[in-house]
Amino acid sequence: MKICETNHCTGCSACYNVCPKKSIKMLENEEGAVVPSIDKQKCINCNLCIKTCPENNKIDFHNPLKVYAAWSLNENVRKNSSSGGIAYEIYRYVIENGGIAFGTKFNDQMELEHTMATTLEQVKEFCGSKYTQSKIGKCYLDVKNCLKENKKVVFIGTPCQINGLKSFLRGEDINNLLIIDLICHGVPPQKYLKDYIRYLAINKKVDDISFRGKNNWYFTAYCQNEIIYKKHNKDDLYYRAFLDGLFYRENCYNCRYAREERVGDITLGDFWGLGKKVKFDYPIENGVSVILVNTEKGKKIIENLNKRIFMEERTIEEAVEGNAQLRQPSKKHENTEKFKRIYMEQGFDIALEKTMKD
């Protein structure tokens, strides 16, 4: 049984979470991407996985109601964030009002996973961009249980993960759920990042990584808060490969969510191109977030943050012009197919060197 077309699968894990018999596992395919695998011995052919899969259903898009350039008024938050620190301020608002936050962090095995936070200290681990696909695990089930307990929940993820959650929760009461999608370039499989850390042959155990934030635009690896590797994106092979679109999941190059209309209550990203055509009267070198407010629920949250964030209304045209992924999916690198072929034959190290070293 096939849940959806292989090249369309986003690895969102909605099927994994909805299966009543736990007959689905998310396993790496030959390209390293995580896809569902069905245990035929456990499967009862209920077809819930097929019915829930977002790729088999019409997407519920929203046209943005408002667009803002924004940043946190807390300079420490802004300095340690990828852009303007708006995600942290939303997390903070929900946590301080007794809610639950879901975001991504690296675990002890250096796997990026979606997880639950109930304190601001835990939320701090969600900060910063992580240029690999996160593992959803059973997070959708956790969200469902929190909502049944009448708790307020915020969930931030890529658009395909957000739509996976929406598909999984279809028919449930989601009045207490705030969903936020990110302007996404595409995601490499987690295996590539783990292989790259091994390729670097760092003689200490890497326990954290950053791409943006305090060491902005540097691939930085840490061991117990000590920097043990640091290279600018122009010099680091993995970072360059990511920015150039070399090794995203296959579905990312045909992404259905790379458009102006959005799936979340709010959309967050960097406000690239701000002020190029229409004057912006404030300095932007410390990072600026673009906020697309897509629903009335999202609008209410942003209004409640007005004492914590600076924001100026801008046009959707300016946001779209500065963010290519609000217009179209990322394009394949000229060496993408070559990378995949060498990766499957000779492994990550050789594939990366033969496609990116020059």
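Quick one: Glu31 ticks every box in (1) buried (at least 16 other Cβ atoms within 10 Å of the Cβ); (2) farther than 23 Å from Tyr192 by Cα except a single one, so which number is it?
It is condition (2) that Glu31 fails.
Of the residues Arg262, Arg256, which is more than 25 Å from Tyr91 (Cα to Cα), in contact (Cβ under 8 Å) with a residue 40 or more places away in the chain and of a type outside the set (A, V, I, L, M, F, W, C)?
Numbers: Arg262 fails: more than 25 Å from Tyr91 (Cα to Cα).
When all the criteria are applied, what remains is Arg256.
I'd like the full set of residues that are under 22 Å from Trp217 (Cα atoms), surrounded by fewer than 23 Cβ atoms within 10 Å (Cβ to Cβ) and not acidic (Asp, Glu), limited to region 237-268.
Leu237, Tyr239, Arg240, Leu243, Gly245, Leu268
Across region 317-343, what is the number of residues that are in a loop (DSSP other than H, G, I, E, B) and surrounded by 15 or more Cβ atoms within 10 Å (Cβ to Cβ)? Steps first, please.
Of the residues in region 317-343, the ones in a loop (DSSP other than H, G, I, E, B) are 323, 327-335.
Next, from what is left, pick out any that are surrounded by 15 or more Cβ atoms within 10 Å (Cβ to Cβ): 323, 329-330, 332-333, 335.
Adding up the residues that qualify gives 6.
With respect to Arg249, determine if the residue is touching a Pro at 6+ places or on another chain (Cβ under 8 Å) and modelled with pLDDT of 95 or more. Even if it seems obvious, please write down each step before you answer.
Numbers: touching a Pro at 6+ places or on another chain (Cβ under 8 Å): yes; modelled with pLDDT of 95 or more: yes.
Against the criterion (touching a Pro at 6+ places or on another chain (Cβ under 8 Å) and modelled with pLDDT of 95 or more), Arg249 qualifies.
Tell me which strands (runs of 3 or more DSSP E) are completely within region 196-309 and hold 1 or more residues being closer than 28 Å to Cys12 by Cα, or say none if there are none. Spell out the reasoning first.
Values: elements: 208-210, 218-223, 226-232, 266-270, 289-293.
Qualifying strands (runs of 3 or more DSSP E): 208-210, 218-223, 266-270, 289-293.
Spot the failing condition for Asn233; the list is (1) in contact with a Lys or Arg (Cβ under 9 Å, 6 or more places away or on another chain); (2) under 30 Å from Ile174 (Cβ atoms), and only one is missed.
(2)
Search region 93-114 for residues that are on the phi < 0 side of the Ramachandran plot and pair each with any residue that is hydroxyl-bearing (Ser, Thr, Tyr) and surrounded by fewer than 18 Cβ atoms within 10 Å (Cβ to Cβ) when their beta-carbon atoms are under 9 Å apart and the residues are at least 6 apart or on different chains.
Ile95/Thr118; Ile95/Thr119; Gly99/Thr118; Ile100/Thr118; Ala101/Thr118
What is the number of the single condition among (1) assigned to a loop (DSSP other than H, G, I, E, B); (2) among the β-branched types (Val, Ile, Thr); (3) modelled with pLDDT under 95 that Thr10 does not meet?
So the condition that Thr10 fails would be (3).
Kindly indicate whether Ala69 is in contact with a strand residue (DSSP E or B) (Cβ under 8 Å, 6 or more places away or on another chain) and under 22 Å from Leu169 (Cβ atoms).
The answer is no for Ala69.
Test of understanding: among Gly171, Gly164, Gly137, which residue is under 30 Å from Glu31 (Cα atoms), surrounded by fewer than 24 Cβ atoms within 10 Å (Cβ to Cβ) and assigned by TED's automatic domain parsing to the domain that holds Gly347? Spell out how you get there, then give the answer.
Details: Gly171 fails: under 30 Å from Glu31 (Cα atoms); Gly164 fails: surrounded by fewer than 24 Cβ atoms within 10 Å (Cβ to Cβ).
Exactly one residue qualifies, and that residue is Gly137.
The values are calculated or read from the model by the stated rules, or taken from the named source; none is laboratory data. This one's a predicted model, so the numbers in the text were calculated from it and none came from an experiment. Note that each Cβ is placed from the backbone with ideal geometry, even for glycine, and that neighbours are counted across all protein chains shown.
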